[in-house]
Amino acid sequence: MSDPTPLKIALAGASGRMGRMLVEQVLQAPDLQLAGALVHAGSDSLGLDAGAFKGLRTGVPMSSDPDLALGAAQVLIDYSRVEASLALLQRAVARGLPIVIGTTGFSAEQRAQMQVAGQLIPVLWAPNTSVGVNVVMDLLRQAALRLGAEYDVEIVEAHHRHKVDAPSGTALQMGEVIAQARGQALAEVATLSREGHTGARERGRIGFATVRGGDIVGDHTVMFCGEGERIEIAHKSSSRLHYAQGALLAARWLARQPAGFYSMADALGLT
Ligand SMILES: NC(=O)C1=CN([C@@H]2O[C@H](COP(=O)(O)OP(=O)(O)OC[C@H]3O[C@@H](n4cnc5c(N)ncnc54)[C@H](OP(=O)(O)O)[C@@H]3O)[C@@H](O)[C@H]2O)C=CC1
Ligand SMILES: O=C(O)C1=N[C@H](C(=O)O)C[C@H](O)C1
């Protein structure tokens with residue numbers, strides 16, 4: 001029998017592109033309740049109702065006070081900025097609050113902090129919460145296993161002009177999935193950008209290229225380039241809805257898990 005009590009969700013980065021999409025989706029879900037909306041101390045949205053951007057009155061204010069925004073929450077979902085996410089992670093640990101982190105741009109050391117927190121609370125980090133993208137990760141693993149390092153891999157990603165990190169978290173995760181399937185460490189084989197007299201392409205490298213412009217939501221194309229053929233596996237987003245839906249799926253799942261460091265693949269049963 002399903003639990004009739006709604007799961008109380010707090011959102012960090014609630015005034016952002018993802019935050020707003022999540023506010024809308026939480027308000028529409030009968031099994032979820034918006035319990036808090038956290039924004040930057042300097043945010044233009046501070047003090048507004050979390051639904052104001054849609055002309056809705058939720059009774060939940062956009063607040064920069066973590067005690068107020070997280071106090072009643074059972075799960076925290078964060079799409080903000082690296083520094084804010086890491087500070088929130090420590091607050092989540094102090095409260096024993098499960099946290100879904102969708103923010104991208106973390107260094108390897110910062111990701112290790114999430115793993116450490118996962119020893120104390122449930123932490124799910126996903127550079128892409130879309131179910132479709134995570135199925136694509138599985139396709140990439142299979143392609144890399146079958147094609148091997150003889151095929152040159154190039155990952156091209158395109159995003160809107162506001163994006164602050166590059167390559168995208170999704171592109172880097174795609175690279176990690178492919179490197180792991182080929183028995184490589186991405187840090188040792190990644191070519192993150194190219195310019196000038198680069199010389200010929202080295203065998204076994206995984207190349208990245210970044211496009212930024214306009215309102216592109218998020219496109220990723222992975223090319224496996226061989227002799228006389230090229231295989232392309234691509235995912236293109238035309239809306240942020242599927243990221244938000246995946247984040248809510250992850251939150252519902254994470255609320256039932258013990259402490260651990262999890263991925264979308266865990267939440268989707270793809271591992
Ligand atoms: N995992 C996934 O599937 C997806 C991940 N992302 C990632 O999520 C993150 C957010 O993306 P998006 O919503 O487009 O970004 P936005 O810039 O639209 O939103 C960022 C939010 O974070 C807040 N913020 C900014 N700086 C700080 C800070 N220093 N401290 C606290 N809060 C801060 C902003 O508040 P304000 O501006 O009001 O001050 C805003 O609410 C990015 O890392 C992006 O790559 C995005 C889409 C999907
Ligand atoms: O900033 C974005 O917009 C997105 N960021 C994520 C990433 O860096 O991979 C996910 C998605 O591509 C949208």
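Put simply, of LEU97, LEU120 the only residue that is hydrophobic (A, V, I, L, M, F, W, C), buried (at least 17 other Cβ atoms within 10 Å of the Cβ), assigned to a loop (DSSP other than H, G, I, E, B) and away from ligand 2 (no atom under 16 Å from the Cβ) is LEU97.
Picking from residues in the stretch 129-151 that are outside any helix (DSSP H, G or I) and surrounded by fewer than 18 Cβ atoms within 10 Å (Cβ to Cβ), the one that is farthest from ligand 1 (Cβ to nearest atom) is GLU150. Exactly one residue among ARG141, ARG111, ARG182, ARG194 is closer than 29 Å to ALA84 by Cα and of a type in the set (D, E, K, R), and that residue is ARG111. The set of residues from the stretch 217-266 being within 16 Å of ligand 2 (Cβ to nearest atom), part of a helix (DSSP H, G or I) and small (Gly, Ala, Ser) comprises ALA244, GLY246, ALA247, ALA250, ALA265. I'd like the residue in the stretch 201-216 that is more than 18 Å from the chain's Cα centre (by Cα) and part of a loop (DSSP other than H, G, I, E, B) and, out of all such residues, is nearest to GLN173 (Cα to Cα). Per the criteria, the residue is ARG205.
The single condition among (1) over 26 Å from GLY218 (Cα atoms); (2) within 13 Å of ligand 1 (Cβ to nearest atom) that LEU70 does not meet is (2).
Surrounded by fewer than 19 Cβ atoms within 10 Å (Cβ to Cβ), outside any helix (DSSP H, G or I) and either away from ligand 1 (no atom under 13 Å from the Cβ) or at negative phi (or both): is that true of SER80 in this structure? Considered against the rule, which asks whether it is surrounded by fewer than 19 Cβ atoms within 10 Å (Cβ to Cβ), outside any helix (DSSP H, G or I) and either away from ligand 1 (no atom under 13 Å from the Cβ) or at negative phi (or both), SER80 comes out as no.
The numbers here are math on the coordinates, done by the rules we state, and not lab data. Fair warning: this is a prediction, and the values are worked out from it, not measured in the lab. Quick reminder, even Gly has a Cβ in these numbers, built from the backbone with ideal geometry, and neighbours come from all protein chains shown.
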